[in-house]
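Structure first, then comments.
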Amino acid sequence: MHGLVNRSFQNFLRDTYGGALWESVVHAAELPPQGFEALLTYDDRLTEAMIGAASLRLGKPHDALLEDFGIYLAGREGLRRLLRFGGADFIDFLYSLEELPGRARLAVPDLILAEMTLSHASPGRFTISFRGGHSALAHVMCGILQAMADDFGALALITATGDAAAVQVDLIEASYAVPRDFVLTLPDLP
Amino acid sequence: MMDGSPPPEPLRLGGAEVARLMPMHLWIDARGVIRAAGPTLAKLWPEPLAGLDFFEVFELRKPQDVAGAGDLAALAGHRILLGLRGGDSQTLRGIAVGAGPGQGIFINLSFGLSVAEAVRSYRLSHADFAPTDLTVELLYLSEVKGAVMDELAALNTRLGEAQRRAEAQAMTDPLTGLANRRGFERALARMRAEAHRGGSFALLHIDLDHFKAVNDTYGHAAGDEILSGVAGCIRAELRAQDVTARIGGDEFVALVAGVKEAQTVQKLADRIIARIEGFAAAPSDEARVSASIGAVLSRRDPVPDADALLAEADTALYAAKRAGRGRCVVA
């Protein structure tokens, strides 16, 4: 797994549950003692062990933990901004999800995300499916989409499908609240 | 030749369609008056552009030989660079085409590489760019590049620190915190290089007397305490620019920078010995050692190599031991 993902999960655990929890996860999952480096790549088993150990210690199911991770990710200002580049409103953003793996690769060439397909079955209902039915990704995306719906000021019901192969978005109201501020460039450095 | 069918009808697009496709277009009539401007371009000027004289709003930076309305037709087919009069120095770039007989010219513009400043100055958003325009992706990339570069720089700093720590550890004696043999060799090489440029230094080879007896009588813990204590004694007599190392069980060396006289070395060595003799390990006031020192000065031309200096210091050390220990001989 790419270090960026592992490092983000590490930051999520530390920021949300504190250093002591993180240390115990490092110990239990036999992770590198100094934590993950964002620009290196690690064995997938480390990622699984980290999620498993955190889930056990927190008494929280994998799915819920991954969903919280997604919400945390979209709440980081840097990533929130990169996601907002995807579109002018929430629907635009949903349509941009198919481009997300491409955008990720533009940012970090060796960061490979599973291919996503958006289908628009009926008015207000969108389904995002992942090639290979990546269930962990589906739960993380659930969290990201919930946070981004809030960011765009949209009211939507977001759930993973029963087999966690896809995420379903029921858009109740596209402009429900005032969207959070977003301009295309960061403020000029003083 | 085509297949002989009549030429297709010219394409006609309404102003709204043109504005959607090219939000930074400009249509100028044959008199030089702006007839229409795209919605993004309109944000750059405080009043509506339609009806204004093109040359009052814009400055043609390239080509430069177009001075008035009469020359505008000559722009058709050319790449152009425009500036805004009285505004910032931003340059817009674009292409001009003929708008049809008697219809003036049509220009499509873009921000070029100054797009980030333009987006900031005019608070532009997604809707201000055509979906076919990769400007938003360009801004995304520049932001992402900044984040990745920051992360890389931080990684480099962490790796650099780890390397420095590892190097320092590899050259340090863990018991006394002094340099080890490797650290000593590096310091000696540095001092010799300085001596070649006219500097001078003294090398003191310090060997403890009666250390084995203390170790056997009071145990290893006391022995270790003696070694640490001796390290402190030597360091206390030296300055920051000098180097002290433990290169064997109870063998120390000191490199003292800037010393030229044998007499100075002798006095320093006597002070070190006195300090060492004054130190007792915790278990007993009897747990004491002394030291013999062989010293050598670098001040010769050429500076002897490291092995020769060490051999001379060694010979002097044995002379000190033979002369009854607890003293220093300068070679």
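Overview of results
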read-out	value
Neighbours by Cβ (under 7 Å, 6+ apart or cross-chain): first from the range B:11-32, on the phi > 0 side of the Ramachandran plot; second in a loop (DSSP other than H, G, I, E, B)	B:G32/B:G68
From B:A311, B:A306, B:A295, B:A287, residue being in contact with a helix residue (DSSP H, G or I) (Cβ under 9 Å, 6 or more places away or on another chain), open to solvent by 30 Å² or more (accessible area, probe 1.4 Å) and either assigned by TED's automatic domain parsing to the domain that holds B:A221 or modelled with pLDDT of 90 or more (or both)	B:A306
Filter result for A:L157 (on the phi < 0 side of the Ramachandran plot and surrounded by 14 or more Cβ atoms within 10 Å (Cβ to Cβ))	no
Residue within the range B:169-180 that is within 30 Å of A:F36 (Cβ to Cβ), within 14 Å of chain A (Cβ to nearest Cβ), open to solvent by 50 Å² or more (accessible area, probe 1.4 Å) and within 33 Å of the chain's Cα centre (by Cα) present	no
Qualifying residue in the range B:232-252 (condition: open to solvent by 80 Å² or more (accessible area, probe 1.4 Å), at pLDDT 90 or above and in contact with a helix residue (DSSP H, G or I) (Cβ under 7 Å, 6 or more places away or on another chain))	no
Selection within the range A:43-53 - touching a Leu at 6+ places or on another chain (Cβ under 9 Å), open to solvent by 30 Å² or more (accessible area, probe 1.4 Å) and closer than 24 Å to B:A154 by Cα	A:L46
Subset of the range B:89-123 [within 14 Å of chain A (Cβ to nearest Cβ) and either basic (K, R) or out of contact with any helix residue (DSSP H, G or I) (no Cβ under 7 Å at 6 or more places or on another chain) (or both)]	B:L113, B:S114, B:E117, B:A118, B:R120, B:S121, B:Y122, B:R123
Sole exception among (1) open to solvent by less than 40 Å² (accessible area, probe 1.4 Å); (2) over 42 Å from the mean Cα position of the chain (by Cα) for B:R271, by number	(1)
Pick from the range A:54-70, criterion open to solvent by less than 20 Å² (accessible area, probe 1.4 Å) and in contact with a Ser or Thr (Cβ under 8 Å, 6 or more places away or on another chain), ranking: farthest from the other protein chains (Cβ to nearest Cβ)	A:L65
Per-region count, the range B:127-168, residues of a type in the set (D, E, K, R), closer than 29 Å to A:G78 by Cβ and more than 10 Å from every other protein chain (Cβ to nearest Cβ)	2
Residue match in the range A:13-24 (condition: under 17 Å from A:G143 (Cα atoms), open to solvent by less than 80 Å² (accessible area, probe 1.4 Å) and among the hydrophobic types (A, V, I, L, M, F, W, C))	yes
One residue from A:R131, A:R103 being open to solvent by less than 90 Å² (accessible area, probe 1.4 Å), basic (K, R), at pLDDT below 90 and not assigned by TED's automatic domain parsing to the domain that holds A:E48	A:R103
Among (1) without any contact (Cβ under 8 Å) to a residue 24 or more places away in the chain; (2) assigned to a helix (DSSP H, G or I), the one test that B:A116 misses	(1)
Candidates B:L60, B:L81, B:L41, B:L49, filtered to the one that is touching a Ser or Thr at 6+ places or on another chain (Cβ under 6 Å) and within 22 Å of B:S121 (Cβ to Cβ)	B:L81
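The values are calculated or read from the model by the stated rules, or taken from the named source; none is laboratory data. These numbers come from a predicted model, not from an experiment. Here the Cβ is made from the backbone with ideal geometry for all residues, glycine too, and neighbour counts use every protein chain on show. All accessible areas refer to the heavy atoms of the entire protein, side chains included, with ligands and DNA or RNA removed. Shrake-Rupley method; radii C 1.70, N 1.55, O 1.52, S 1.80 Å.
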